[in-house]
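Here the structure is laid out as structure tokens; the discussion comes afterwards.
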Amino acid sequence: MIHSTTPRRFALATLCLLPALASAQNLLGLTTSPTSGVHRTYQNPAWLADSPHRVFVSLGAGNLHANNNYVRYQAPFSLLRLITGQVPDEYRRSNGNIKFESTYTQETLDDKPKNATVWGDFRGPALQLAVGNRTVIGLSSRLRVAGQVWGASEQLLSALRASLNSSAFYSIPSRNNAFSVSTNTYAELAASVGHTVLETDEAKLMVGLTIKYLVGFTSGYFVNRGLTYQVLPDANVPSGGYLSVDQVSADFGYTSFLQNQNLTLRSLVNGHPPGRGVGFDLGGAYVYKPDPDGATLRAGIALTDLGGINYTADAYAIDQQKLRFFTSDFNDVRNSEQIVNVIRQKLRVEESQNQGSFTSGLPSSLNTSVDYELPTGLGLQMAYWQDLRSNSAVAMHQPSVVALVPRYEHKWAAVSVPISLVNGAVLAGLSLRAGPIWLGSDNVPGLFGNSSNGIAPRGLDVYGGIAFGFGSRGSTNE
């Protein structure tokens, strides 16, 4: 029926630039651990110089993450069941597709701009080596897949969520709805160095730098600078509506490298990906330990993910008036390429307007941390990561995070319980290490919440990896 398919098609239209929804960088239980080696560089490359190991090897790590501040999940099955394909048959249609009802989500209406992020962070093999007493180097690799909606208005999202079929939205003009939709899929090879520049018996000062070579596989964006619209009743659809756009000023771009195919290992190593770029992380850190047998205080500050990827792609500046979007426009849409073609037609885009390239920025952030660790292995870190990209930037965003991470570290095991504030929601996590194996989540309730247990999450998070260090580093004091 039109009423049940419209929300999906409008959601597809809004998120049309996503290469695949099946697949950033928090991993709080891993990143904040003093024994996590090269993984600490994602918070601050200066922490390399503080590593207790002469050699650290990571065989790989992965993170799947989603968060938003618009809807809470209230389906009768958990998000973990949804992403793993374990939804019971009673919630599926005869063809096996999931019957996802509009009642499975509940709006959060607080007059604030709405953001949503879905990402996959897949860290490949990495190596960290101590070079002399003061310097540690690291080599790492990873693949990042992300899709985001940033700064969208409640009114626009509510109208789309209601399938444009609610008369409550009819003939209410809405203006200046600035928002952005962006996606990016890219790989990076990184070289890091951490160096102790000053050391006394009680303290040491360290600096760090990471240089990244970036290969972009697919990206897309729609940055809306100004949108004036209203929802009007559709005479051809009983109780239906359409979106009447009086004026839109926007930037729109996308790549077609994957040609509507999923990203595979073959596509990673073959062909000529359309994007190339460089990125940088730089930071400083301070360690204070007045008593050799006492507590350790650490503090750090860093700028991460500076830079971007330049794509050879389709890019357009849009400035149009009097546009109409009907539900029927997307009735025959089956893939992202067809969605892009429909939107190009509706926006009246001409090939002569194609700029031929665009630059997609990395999720730049300012990272600060203070860490207190007792000789018994008990520790506590407070971390703050601040997004540095503007709402109108053609770029990924690192959602701002405030985190408190208590932990216990032992040679063969570790546990931490990160509590964080992300997108206005307080999240409770758990991270465990047994030997070289790390498993964790920054949002445990998000994995299991459903309408039956009363937990209504706004996202999920899960990560794991295999990493280990060996060889003890002594004092760097010469």
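Remarks
- With the largest listed first and rounded to whole Å, the semi-axes of the equivalent ellipsoid of segment 188-263 from the Cα gyration tensor are 53, 20, 12.
- Ordering of 177-190, 339-352 by packing [mean C-beta count within 10 Å, highest first]: 177-190, 339-352
- Per-pair calculated FRET efficiency, R0 = 41 Å: LEU421 and ASP293 via Cβ, rounded to 0.05: 0.70
- The phi torsions of segment 179-195, fed into the Karplus equation with coefficients 6.51, -1.76 and 1.60 and a -60° offset, translate into couplings of 7, 9, 10, 8, 9, 7, 9, 8, 10, 9, 10, 10, 10, 10, 9, x, 9 Hz, rounded to whole numbers, with Gly and Pro shown as x.
- Segment 405-478 and segment 310-367: distance between their alpha carbon centers, rounded to Å: 38
- Taking 25 °C and 0.890 mPa s as conditions, segment 389-433 diffuses translationally at an estimated 195 µm²/s according to Stokes-Einstein applied to its Kirkwood radius (Cα pairs).
- Within the chain, helix-based [θ] at 222 nm, where runs of 4 or more DSSP H residues each add -39,500 (n - 2.57), nearest 500: -2500 deg cm²/dmol
- For the chain, diffusion coefficient by Stokes-Einstein and Kirkwood Rh (Cα), 25 °C, 0.890 mPa s, µm²/s: 103
- Fraction of alpha-carbon pairs over 22 Å apart in segment 371-478 - percent: 48
- Cα-based equivalent ellipsoid of segment 366-406: semi-axis lengths in Å, sorted from largest, via gyration tensor: 31, 7, 6
- With 29 Å as the limit on Cα-Cα distance, the pairs of LYS114/LYS212; LYS114/LYS346; LYS204/LYS411 that go past it are LYS114/LYS212.
- PHE280 accessible area, 1.4 Å probe, all protein chains in place, Å² to nearest 10: 90
- Evaluated on segment 51-93, the Kirkwood hydrodynamic radius is 14.4 Å, with distances taken between all distinct Cα atoms.
- For segment 280-418, the convex hull spanned by the alpha carbon atoms encloses 190 Å³ per residue.
- In Hz, Karplus ³J(HN,Hα) per residue of segment 90-106 (6.51, -1.76, 1.60; θ = phi - 60°; x = Gly, Pro): 5, 9, 10, 7, 4, 8, x, 5, 6, 7, 9, 7, 5, 6, 6, 10, 10
- Projecting label points 7 angstrom from Cα along Cα→Cβ for LEU323 and SER94 puts them 3.8 nm apart.
- Label-zone membership for segment 50-65, site ILE466, 7 angstrom Cα→C-beta point, backbone N under 20 Å: 55-64
- Trypsin sites (Lys or Arg not before Pro) within segment 390-478, DSSP loop, no more than 12 other Cβ atoms inside 10 Å: LYS411
The values are calculated or read from the model by the stated rules, or taken from the named source; none is laboratory data. These numbers were taken from a predicted model, which means no experiment stands behind them. Glycine also receives a Cβ, built like all others from the backbone with ideal geometry; neighbour counts cover every protein chain displayed. These accessible areas exclude ligands, DNA and RNA; they are computed on the full protein's heavy atoms, side chains included. Shrake-Rupley method; radii C 1.70, N 1.55, O 1.52, S 1.80 Å.
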